[in-house]
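Here the structure is laid out as structure tokens; the discussion comes afterwards.
The values are calculated or read from the model by the stated rules, or taken from the named source; none is laboratory data. This one's a predicted model, so the numbers in the text were calculated from it and none came from an experiment. Cβ coordinates were reconstructed from backbone atoms using ideal geometry, including for glycine residues, and neighbour counts include every protein chain displayed. Areas reflect the complete protein model, heavy atoms only, side chains present, ligands, DNA and RNA absent. Shrake-Rupley method; radii C 1.70, N 1.55, O 1.52, S 1.80 Å.
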Amino acid sequence: MTALIGLRQLDAAQRLDDDIMAKAEQEKRLLHQSVALYLAAGIARARGDRQGTVTILEKLVALSQRQGFNRELADAQSQLSEIFRESGDLARAEQFAKLAADSTQAGGDRWSVPQRLKTLAEVEVLQGRYADADDAYDRASAFVDSLVGNYSSVLAKTAVINASSEIYTEHFSLVARRLHQIPKAYSIVEQVRGVFWPTC
């Protein structure tokens, strides 16, 4: 399905998604319905149908909240944040970025929490809310530190750090350039060194 969307074979993707949804509804498989909604949102977005995408994602949010599908809920909220950010509605982008971070954490997907918090921080920076962004980056860094501490192999620790490197880079830039807190900026550098070098 995602391959069809990537190849812009959207009519074929829509037909397949309609079949998935019809079968899921017939068999009352709510998780399958949530997957079909997520794919339908991807098709609508690929067509450039912003309002249609938002409507589908809002249905997915409602279904996921009712059924406790935290992963699907977080993914839908994250997509809504992206859409509102692209359209310049930063207040709603921030709202959904916060919800996505909370849902991701509630779902136990600790690997994804730092990236969700990074997204939240970026939206707050766009709004000029630098102190709030600093707090979001601090929380993201704490999750990265925790993840690194949970792995024993050098390879796994390095993978976490590499995947999270933009968090530290963006945080350093914010603190140094926007907040003008040079001592804290250097403490971020030391934090990265402290996390990384013991693994080498």
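Each of Val144, Ile43, Gly128 was placed along the dipole of the chain (beta-carbon charges, centred on the mean Cα), and the one lying farthest toward the positive end is Val144.
Multiplying the residue separation of Ser173 and Glu27 by 0.36 nm and subtracting their alpha-carbon distance yields 47.4 nm.
Gain on full extension, evaluated as 0.36 nm per residue between Ser146 and Ser165 minus their Cα-Cα distance, stands at 5.4 nm. Counting only protein heavy atoms and a 1.4 Å probe, the chain has 53 square angstrom of accessible area per residue.
Can you work out the FRET efficiency for the pair Ser153 and Arg66, with r the C-beta to C-beta distance and R0 = 35 Å, to the nearest 0.05? Using R0 = 35 Å, I get an efficiency of 0.30. Couplings 3J(HN,Hα) of region 144-160, computed from phi: 4, 4, 5, 4, 4, x, 7, 9, 9, 7, 4, 4, 5, 4, 5, 4, 4 Hz, in residue order, whole Hz [Karplus 6.51 cos²θ - 1.76 cosθ + 1.60, θ = phi - 60°; x for Gly and Pro]. For the pairs Lys98/Lys118; Lys118/Lys184; Lys98/Lys157, flag any whose C-alpha to C-alpha distance is greater than 22 Å. Over 22 Å Cα-Cα: Lys98/Lys157. Mind checking which of Ile56, Ile182, Ile161 has the largest fluctuation in a GNM of the chain, springs on alpha carbons under 10 Å? Most flexible of the set in this elastic network: Ile182.
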